[in-house]
Every structure is written in C-alpha cells, then in structure tokens.
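Trainee: Below: one structure in structure tokens.
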Amino acid sequence: MTAVTYLEAISQAIREEMRRDESVFLLGEDVATYGGAFKVSAGFLEEFGPERVIDTPMSETAIIGSAVGAALMGMRPIAEMQYIDFITCGFDQIVNMACKMYWRSGIPLPLVIRGPAGGGTHGGPFHSASPEAWFFHTPGIKVVMPATTYDAKGLLKAAIRDNNPVLYLEHKLLYRLPELREELPSEDYIVPLGKAIIRRHGRHMTMLTYGAMVHQCLKAAEQLASEDGLAVEVVDLRSLTPLDRQTIKESVMRTNKVLIVHEDTLTGGVGAELAALLAEELFDYLDGPIMRVAAPDAPYPYAPPLEMAYLPGVERIVAVARQLAAY
Amino acid sequence: MNEAERADLLLQIYYYMRLTRAMEDRTRTLFLQGRIVGGVYTAQGHEATTVGAAMTLRDGDCIVPQHRDLGMHLVRGVSPRAVMCQWLARGNAPTLGRDGQLHIGDMHHGVVPMISMLGESLPVACGVALVMKMRRRSTVVLASCGDGATSTGAFHEALNFAAVQRLPVVFLIENNGYAYSTPNAKQFAIEQLAQRAGAYGMPGESVDGNDVLAVMEAVGRAVAHARGGRGPTLVECRTFRVRGHSEADKADYVPPALREEWLARDPIKRFEDYLTAQGLLSAERRREIEARVRAVVDDAVAFAEASPPPDPATVADYVFAPDGPIAIVGEPGAADPRYVNALDTRTGRPFCTMSQVEEAVTQL
Ligand SMILES: Cc1ncc(C[n+]2csc(CCOP(=O)(O)OP(=O)(O)O)c2C)c(N)n1
Ligand SMILES: [Mg+2]
C-alpha cells in the first residue's frame, strides 16, 4: 500500500464509484481530455469513455442544470466547478432548481457539485472562495468539507451515494500537501454525512472548525499545550449540513468554552450559526463568551502580505484562545 | 393513418384545446371568487401551440413545460384533478400545497417540474436528453419557453450545450409578443427568434402558432430530427397573449387593435372552422365534446374542493430525500417500490399528477 494525497483520494473515490455504479458520471470544464484543471480526473476518459466523462462548454448553468436533469432521471452526476468560485454562475440551478426539488415535487436529486475551494494559494478574489455559508443557509442541500485524506475519499463516496444535492468542497491547499499523505484502507468505506470527529481531545476549551482550518487549530492546540498547559479539544465538523449538533454540544458541555474558527468571512458565516446554537442551548454551560476567528469582512485579497493578514492562522487562533482561556 | 384514424386524431386535438381553454376559464373564475390565493397565469390563444406540440410526442418522451403550458400537461396525461388541487393549494396536490400553479412534474411520465425562474428549465431539459442519449434511447425532450425567457443566460447555455452534444431536444419558443409589459421590440433586435438557431448550429423554424396543424408539422419535423440522433431544433411559434400577463394585469399597454387582430385569429375557432369545413365536427359532435369537457372540469374542481388542505405540522418535512436505491427512469422495473424514486416517498403513494382524463370522470 502506498500513501496517497488528498487529491488522489478524491480521484479514487470518483473512480471507484464510477466502477461500482453505472449511473455515476462526471461533467465539467476540461475534465476529460485534460483530466481536470487539478488533474483529479486524469485517466478517467481512457477508462470510462466520453459519455461518462464529459468535457462541457464553459457554462456553469448548463453544467449544473444538466446534472439536475440527469439526476431527475435517476442518474448520479458529479458536476465539477473548475474553481468553486464559479459556482455563483450556476447559483440559481442550485438554490432554486435543485434545493427545492424533493421538498416540492417528491423527486429525489442524487447530485454532487464539487470543486476546489479555499485560499492560501495566491488565487486572489476570484480563485479563493469559501462559499459554504450561502449553501449552509439554503435548505435542501448538504454541505461537506473534508480536512483529511481519509475523509476526502470517504465523504465523497457518501456524497455520491446520497439521494440529495451535496456540495462537496475540497480545499485546494490540501490537494498535494505532503503531511496529509495517508495510506487508505484497500476495502470500500464511506465517512457518513453529518458526523463530526474529535481530532484532539482536551478539557479546557473546544475549537469548532472544518476544512483546512482544522490543521491550523491542531497546530494552535499543540502550542497552547506546550506553552500554556491548555488542553484544547479540536472538533472537525466535516459536514456543515447536516450538522452534528450532538458531538458539538457534548464537547462544549465538557469544556465549557468555545472558539469557532473558519476561513470564510466573519459576518453571517457558519460560526454565527454555531454561536447562536450554543448560546440558545448551552447557555448554562458556558464559562466564557463564544469567540470566533474568521476572515475579515472583505473580499479575498491577492498580494501575499494582504493574504497573510486576511487568512486566519495559528498566531491569531492562539491569541484569541488565550483571551478565552483567561475567563 | 387511414381516414377514420385521422378524423379521431383531429377531434382529439380539438378536445384537448377545448379542455385547456375550459380549465383556464374555470381557474380564472376561481381566482375572481378569491378561492385561489396566489397569482394565476393563463394562456388563451396558446392552445394550438401547446396542444399541437405535445401531440407529436410518444411514450418515453419528456416535456419541460413553462407557465403557459397547461395544454402540454393535459395532452401528456396530467390529471385535471391534480391541476385543480395545485391551484387550490390542497394537501394532496402534486406539490402537497408547497408550490402553486403548474409547477408540477413526474419523471415516470416525462414531465419536469418548472420553477418560476423562466429559462432555467432549459439546461435541465439538456440533462434529461443527455441521459436519453447515454441510454441509447430514441426518445426526445420538448422544452418550451417564452419570448422573454430567450433573453436569459440559461437559454443561451442550454441551446449551445444541446447543439454541442447533439442532444435530442426540441426547443419551443412561444412568442406571444410580450413578456409581462415588455414587447418584442424591447426584448430582442432580430426579426424572428428562430434566427437564433443558426448561431447555435441547429435548424430553426418559425411557424404560425395559432395554426395547430402547422405547429404539429413543424414540431413533428423537429421531433423526428431529434429521434434520429441528429440533435436539437429551435421552433418558434408566433402567437399572442390576448389576456393580461396574469389575471391581475389589465394589460392596457397592449394596443387594442393589435389584441383585436389576434383575437380574430383565435386558434380554437380557426380549428373549429377547419373541422367543420372538413365535415368532421357536426353540431352534435361538438355538443358531445363540450359536455365531456365540462364534466372533466366540474369533476376536477369538485375533487379539489373536497380535498383537504395541507397539514401545517408538515411544513418543514421532506426537505431531504431518504436513503435507498434509485432507479434510472424509463428502464424496466423502474416502478418497483423499492426504489426511492418509484413512488413519491413523501406520501408513499404514486406520483399523483397522472391519470387518464376519462378515468377522472368515471371515478366521479
Ligand atoms: C428569470 C425571471 N425573471 C423574471 C421573472 C418575472 N416574470 C414572470 S413572467 C415574466 C415575463 C415572461 O415573459 P415570456 O418569457 O415572454 O413568457 P410569457 O409570460 O409571455 O408566456 C417575468 C418577467 C421570472 N419569472 N423569471
Ligand atoms: Mg411572452
């Protein structure tokens, strides 16, 4: 067995699902001949042919709309956004067409929309998006974001097998990160949607996070342990919808302090909902304010010093965690 | 087709045109009586286009209709009862009262549910056609839109994609002169919308949308083209919206002379004259058809009025579909109840939009 990257895990998941189920197919820009802008589908055209690996025009509404039509027919399309930023061009197909379909018509829509999200790669305002809050707010679509190689594969397989629209956000900074290389089980497995995981146990505070920020939180937790003697629990949400309220609440009931960390902007972000949930349901358990570390309320910047200032990182997480610990 | 079969077919077309008009007339009455709470869109004058186009289809084909396409629904077997339950927001309506109007669908009978965002159904039609092509079927998709919807990005993306992929789709533009208050001249700067076809690399045709036989011929050609694996066609049916945009719109922006001109070309009257001249529609035959139409409409309204309202406690239910196997629609065994998409899993009952019109009457 060889250790694979986060990107290879994504590729494996799609390939194995396409082998297992003839209703699964992939469509998007440059996914066939070129193998995808990031090479997620390299070699797929040769194995599956042009009807199951479809190079489309540059046409997000057509890509997502066609995926909806195919899903209505009982297929399990995977629609790739070359960068997740371009999902805005197909927004209506998601929020009005796909998300309301089962609720109003009873027809299930087994559909995955996936693509590279997140920043840290000098992508600037249009190639660094964290679009999860728009869809987190929208009933009728599941939203997942894997932080590890194991989860990248397992969550994607679960998303493909799910009977609903699923937005699968892959963090492009993690695609080829050597530290994330992992040996994966040779047998088939999934990571169920809607289940968070505790990445590090601790009793002094809970960090709620997801995506690439999981790794920043783990580094911060390490530093807080060695420098401050703090035992920080890091919860990787993995799924935003459905949200694993139970794991979140159980952790906070043990630690009594919460720091929420996400790469998306602060206002109206996923963290705002988590804070509201905890304030409503666990008020008596809280020994300090619910605190948040997120990107500032500004578009994503290009120049490296601006990007550094924008992205939440270990330093800011540690500083805010210390404030919280002092309560 | 022999003489008698042709006569039957023509009378069937006439029946559906009359049924469409009568259903809409009754819907308007219900609206004016305050029994329909939301907006009502009708399509007087479109009957030759909607009925004629749908008459060219067969089992396994699919329609992707819009808000003025009751005629297509009825021809394809959508139950008038379901339509009235939908207008009256009943708990047993196809959308369980969650949506109104003609926003209904049933994939097993080839009807894609529309959304209000006009034009957005066209890319979805491409996806349905893509599956037909993948599964090597000789079935086709008939997708419609208004003149206004041709200005959307979705229209362009769909036609381009369909042409590139040579998808079995017939794009039908119902050009009724207006998009709400906006006349054609403010909507596009070409002579005829069918000209757009050339830009996408597909055949295009513009036809008198008030002549049901001409519509059937043009759409029939496009359907045959698509069935033969030769890709999409754009058919523009030129008609007119002789009433307001909705029943709440007086449409005083439409020059009265223009409206009069089109009212004089009423498609049902025209077809009636044709059938009479052909000796196919005697006064007695006509009375029979009228009685049947009336019975179906009465039944649909009575059924809907006797139907329960939705249960408020269910408002947030069924946001997500359950787990389980999904059938590929149109494959043998796809109706097996073990499939999550075989029955409406919200109710455990068959998708309730379909029934034979006759059935509805005899069940009364
Ligand atoms: C994308 C979109 N924008 C705006 C509206 C609001 N609206 C409803 S119907 C309509 C006019 C539609 O005109 P057309 O496509 O010509 O169809 P018609 O109603 O004439 O049959 C408008 C603007 C809408 N439904 N969809
Ligand atoms: Mg119009």
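The values are calculated or read from the model by the stated rules, or taken from the named source; none is laboratory data. Please read all numbers here as calculations on a predicted model, not as lab measurements. Quick reminder, even Gly has a Cβ in these numbers, built from the backbone with ideal geometry, and neighbours come from all protein chains shown. In case anyone asks, the SASA skips ligands and DNA or RNA and just uses the protein heavy atoms, side chains included. Shrake-Rupley method; radii C 1.70, N 1.55, O 1.52, S 1.80 Å.
Trainee: Let me confirm one metric for peptide B:259-269, namely the mean number of other chain beta-carbon atoms within 10 Å of its residues' beta-carbons.
Mentor: What the average comes to for B:259-269 is 0.
Trainee: If you don't mind, another one. Can you work out the Karplus-derived ³J(HN,Hα) for every residue in the stretch B:139-154? Use 6.51 cos²θ - 1.76 cosθ + 1.60 with θ = phi - 60°, whole Hz, and x for glycine or proline.
Mentor: Karplus-based 3J(HN,Hα) across the stretch B:139-154 equals 8, 9, 10, 10, 10, 10, 6, x, 4, x, 5, 5, 8, 7, x, 4 Hz.
Trainee: If you don't mind, another one. Between beta-carbons, use under 11 Å as the cut-off and find the net charge around A:Arg200, counting Lys and Arg +1, Asp and Glu -1.
Mentor: Within the 11 Å Cβ shell, the charges total -1.
Trainee: Dipole magnitude of the protein assembly as shown about its Cα centre, charges +1 at Lys/Arg Cβ and -1 at Asp/Glu Cβ only, in debye to the nearest 20?
Mentor: Approximately 520 debye in magnitude.
Trainee: Near the amide H of A:Thr265, under 5 Å away, which other amide H atoms are found, from residues 5 or more places off or on another chain, if H is placed in the peptide plane?
Mentor: For A:Thr265, whose amide H was placed from the backbone, the distant partners under 5 Å are A:Ala295.
Trainee: Relative to the first principal axis of the alpha-carbon coordinates of chain A, what is the inclination of helix A:245-255, with its axis defined by its Cα atoms, in degrees from 0 to 90 and to the nearest 10?
Mentor: 20 degrees
Trainee: Based on alpha-carbon atoms only, what is the radius of gyration of the stretch B:67-134 relative to the globular estimate 2.2 N^0.38 Å?
Mentor: Relative to the 2.2 N^0.38 Å estimate, the stretch B:67-134 comes out at 1.14.
Trainee: Each residue of the stretch A:177-192 in turn: what ³J(HN,Hα) in whole Hz from Karplus with 6.51, -1.76, 1.60 and θ = phi - 60°, glycine and Pro shown as x?
Mentor: 5, x, 5, 8, 4, 8, 7, 9, x, 7, 7, 4, 8, 10, 10, x
Trainee: Give me the net charge of B:Ser181's neighbourhood, meaning all other residues with Cβ under 14 Å from the Cβ of B:Ser181; Lys, Arg count +1, Asp, Glu -1.
Mentor: Net local charge, B:Ser181 excluded: +2.
Trainee: Pull up all non-local amide H partners of B:Gly146: gap of 5 or more, or a different chain, and H-to-H distance under 5 Å with H placed in the peptide plane.
Mentor: Sorted by chain and number, the residues that satisfy this are B:Glu174.
Trainee: In Å², what does the accessible area per residue of the protein assembly as shown work out to with a 1.4 Å probe?
Mentor: In whole numbers, the protein assembly as shown has 38 Å² accessible per residue.
Trainee: Take the residue pairs A:Lys39/A:Lys249; A:Lys100/A:Lys157; A:Lys39/A:Lys157 and return only those whose Cα atoms are more than 29 Å apart.
Mentor: Checking Cα-Cα distances, A:Lys39/A:Lys249 exceed 29 Å.
Trainee: For the protein assembly as shown, taking Cα atoms only, what is the radius of gyration to one decimal and the Dmax to the nearest whole Å?
Mentor: Computed over the Cα atoms of the protein assembly as shown, radius of gyration and Dmax are 28.0, 99 Å.
Trainee: Let me ask something else about it. Rounded to whole Å and sorted largest first, what semi-axes of the equivalent ellipsoid does the C-alpha gyration tensor of the stretch A:197-326 yield via the square root of 5 times each eigenvalue?
Mentor: In descending order the semi-axes read 22, 17, 13 Å.
Trainee: Still on this structure, please answer the following. Let me confirm one metric for peptide A:53-63, namely the mean number of other chain beta-carbon atoms within 10 Å of its residues' beta-carbons.
Mentor: 6
Trainee: If you average the C-alpha positions of the stretch B:109-177 and of the stretch A:28-54 separately, how far apart do those two centres end up, in angstrom?
Mentor: Centre-to-centre distance over Cα atoms comes out at 25 Å.
Trainee: Give the lysines reachable from B:Lys186 as a straight Cα distance under 23 Å; neighbours fewer than 8 places away on the same chain don't count.
Mentor: Of all the lysines, those that pass the test against B:Lys186 - Cα under 23 Å, at least 8 places apart if same chain - are B:Lys250.
Trainee: Non-local amide H neighbours of B:Val169 (under 5 Å, H modeled in plane, Pro and chain starts lacking H): which ones?
Mentor: B:Val141, B:Thr233
Trainee: Counting DSSP beta bridges with both partners in the stretch A:197-326, what percentage is antiparallel, nearest 5?
Mentor: Taking every DSSP beta bridge within the stretch A:197-326, about 20 percent pair in antiparallel fashion.
Trainee: Now for a separate question. Would any residue of the stretch A:56-100 have its amide N under 16 Å from a label point 7 Å out along Cα→Cβ of A:Arg20? List them or say none.
Mentor: Label zone hits: A:76-78.
Trainee: When Rg is the radius of gyration of the Cα atoms in the stretch A:6-180 and Rh is its Kirkwood radius, what does Rg/Rh come to?
Mentor: Rg/Rh for the stretch A:6-180 comes to 0.93.
Trainee: Please turn the phi angles of the stretch A:314-327 into ³J(HN,Hα) values with the Karplus equation 6.51 cos²θ - 1.76 cosθ + 1.60 (θ = phi - 60°), one per residue in order, whole Hz, x for glycine and proline.
Mentor: Listing the rounded values in order: 4, 4, 5, 4, 5, 4, 5, 4, 5, 4, 5, 4, 6, 5 Hz.
Trainee: Count charges around B:Leu96 for me, please; just the other residues with Cβ under 10 Å from its Cβ, Lys/Arg as +1, Asp/Glu as -1.
Mentor: Every neighbour counted, the sum reads 0.
Trainee: Can you give me the relative contact order of chain B as a percent, contacts being Cα pairs under 8 Å and 6 or more apart?
Mentor: 23 percent
Trainee: So how do B:267-279, B:62-74 stack up, highest first, on mean other-Cβ count within 10 Å?
Mentor: Highest to lowest by the protection proxy: B:62-74, B:267-279.
Trainee: Something else about it: Choose one answer from A:Leu174, A:Leu155, A:Leu306: the residue with the largest mean-square fluctuation in a GNM of chain A with alpha-carbon springs under 10 Å.
Mentor: A:Leu306
Trainee: Please compute the average number of Cβ atoms from other chains found within 10 Å of each residue's Cβ in peptide B:125-137.
Mentor: 6
Trainee: Continuing with this model, one more query. Buried accessible area for the A:B pair, summed, 1.4 Å probe, in Å² rounded to 100?
Mentor: Buried area between the two chains comes out at roughly 4000 Å².
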